[in-house]
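J.: Before we start, here is the structure in question, set down as structure tokens.
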Amino acid sequence: MQKRALGSFQVNPIGLGCMNLDHAYGPAVSAEQGERVLLGALDAGYDFFDTATLYGASRNEERVGKVLASQRSRFTLASKCGMAVVPIEGKSSRVIDGRPATLRQQTEDSLRRLKTEVIDLYYLHRWDKKVPIEDSVGALSDMVRKGYVRSIGLSEVSASTLRKAQAVHPIAAVQTEYSLWSRNPEIAVLQACQDLGVAFVAFSPVARGYLCGTLADPSTLDAKDIRRSMPRFGSAHYAANLKLLTPYKAMAQELGCTPAQLALAWLLHQAPHIIAIPGTTSVLHMRDNMAAANIVLSAEQMQQLGALINQRTVSGPRYDAQATSEVDTEEFAPA
């Protein structure tokens, strides 16, 4: 398995997104199951772990720190700041805050929770559009100079915002949703990353479970599952999207791999500066995901997959209006 560049680091092309253990798709897993997944990932060859201040109201960072601190030399660690769950008027609310003072405090808090002296890659989780990107990146560059952070990343930003940030401090990675059914990075930011020597880290590379081919009815999802707010999983669109899976799963069967592995293989074939970070609560799925890095697809197979599931064939936008307003990624023109 050939490693890929992530700033000054070299990592396997598939890392572990840790969010699922505590956030977004249902109740947090037990301490025992989280430990099985995290330590099992190390044993399976994972050397890049991704968490964030936001996930589980910071409990995910605490989990990663508790389980992996003693193994710190074995992996590259990424976390994120600028979006957190904070108490407002007696209840917890998700807040995007890119002010320099906030980012400095969150960096110190992340270090404490992760039980580490330095974070290898620290992302601005969302660009706070009330704060110039130059100011937020400037604050993170201060953290690099202090030795708290080794490199800086950005999440869900456009090519133009990336270039503005790059003028302040070298950006090691951009993290954005990318899969067969979320192709927005192909508009501009993938090329901008290649031009600037920036790694592109793809989150939700199996389309939030859609490309696993096992979610037949989104109404069965947990009441707090974030997919309930995503149009593509709603009743107005999901029936149409399900139809795309029949030929897709047939291709996976012909290739002798799982649908999830096929999605990851397609992604890694797109460009050598792409790294995928699928998340899972299952040890079996975690191991299967890593094996996808060894799947070889022909140019014809790549063309067939890209033509089957893309921005024209998928029904519905990826985010609702509120979530769309919070990101800075390019959007395809309406068909």
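The values are calculated or read from the model by the stated rules, or taken from the named source; none is laboratory data. The structure displayed is predicted, hence computed values, not measured ones. All Cβ positions, even for glycine, are placed from backbone atoms using ideal geometry, and neighbour counts span all protein chains on display. All accessible areas refer to the heavy atoms of the entire protein, side chains included, with ligands and DNA or RNA removed. Shrake-Rupley method; radii C 1.70, N 1.55, O 1.52, S 1.80 Å.
J.: Based on the inverse mean of 1/r over its pairs of different Cα atoms, what is the Kirkwood hydrodynamic radius of the chain, in Å?
T.: By the Kirkwood definition, the hydrodynamic radius is 20.1 Å.
J.: So if the hydrodynamic radius of region 216-335 is defined as the Kirkwood radius over C-alpha pairs, what does Stokes-Einstein give as its diffusion coefficient at 4 °C and 1.567 mPa s, in µm² per second?
T.: D = 80 µm²/s.
J.: Given bins 10 angstrom wide, list per bin the percent of all Cα-Cα distances in region 1-102, short to long.
T.: Reading the bins upward from 0: 14, 42, 31, 12, 1, 0.
J.: Return the long-range amide H neighbours of Y123 (sequence gap of 5 or more, or a different chain), with a cut-off of under 5 Å between placed amide H atoms.
T.: Hits under the 5 Å cutoff: S79, K80, C81, G153.
J.: Which longest run of the chain has no exposed loop site in it, a site being GluC sites (Glu not before Pro) in a DSSP loop with at most 12 other beta carbons within 10 Å, and the site itself not part of the run?
T.: Values: sites that count: E89, E117.
It works out to 118-335.
J.: Would you mind getting the accessible area per residue of region 20-115, heavy atoms of the protein chains only, 1.4 Å probe, in Å²?
T.: Normalised by residue count, the accessible surface of region 20-115 is 43 Å².
J.: Each label point is 7 Å from the Cα along the Cα-to-Cβ direction; what then is the distance between the points at F332 and S93, in nm?
T.: That separation, rounded to one decimal, is 3.5 nm.
J.: With a ≥ b ≥ c taken as the square roots of the eigenvalues of the C-alpha gyration tensor of region 283-335, please select rounded if a/c is under 1.5 and otherwise prolate if a/b is larger than b/c or oblate if it is not?
T.: Since a/c reaches 1.5 but b/c is at least a/b, the shape of region 283-335 is classed as oblate.
J.: Provide, as a two-decimal number, the C-alpha radius of gyration of region 244-313 over 2.2 N^0.38 Å, N being how many residues it has.
T.: 1.09
J.: Expressed as a fraction of 2.2 N^0.38 Å, the rule-of-thumb size for a compact globular protein of N residues, what is the C-alpha radius of gyration of region 54-209?
T.: Normalised Cα radius of gyration, region 54-209: 1.03.
J.: So, one more: Using a 7 Å offset from the Cα along the Cα-to-Cβ direction at both R72 and V144, what is the distance between the two label points in nm, to one decimal?
T.: In this crude label model, R72 to V144 measures out at 2.1 nm.
J.: Follow-up. Would you work out what percent of the accessible area of the chain, with all protein chains in place, is carbon or sulfur (probe 1.4 Å)? It would help to have the intermediate numbers written out before the result.
T.: On the way: 7280 of 14160 Å².
So the carbon and sulfur contribution to the accessible surface is 51 percent.
J.: May I ask for log10 I(q)/I(0) of region 62-123 at q = 0.12, 0.13, 0.14, 0.29 Å⁻¹, from a Debye sum over the Cα atoms as equal point scatterers with solvent left out?
T.: -0.34, -0.39, -0.45, -1.23
J.: Between region 220-265 and region 96-113, how far is it from one alpha carbon centroid to the other, in angstrom?
T.: The distance from the Cα centre of region 220-265 to that of region 96-113 comes to 36 Å.
J.: Amide H to amide H, which residues 5 or more places from D47 or on other chains are under 5 Å from it, using H placed in the peptide plane?
T.: N12
J.: Something else about it: What do you get for trypsin sites (Lys or Arg not before Pro) in region 236-335 restricted to DSSP loop and a cutoff of at most 11 other Cβ within 10 Å of the site's Cβ?
T.: In loop regions of region 236-335 (DSSP not H, G, I, E or B), the sparsely surrounded trypsin sites (Lys or Arg not before Pro) are R312.
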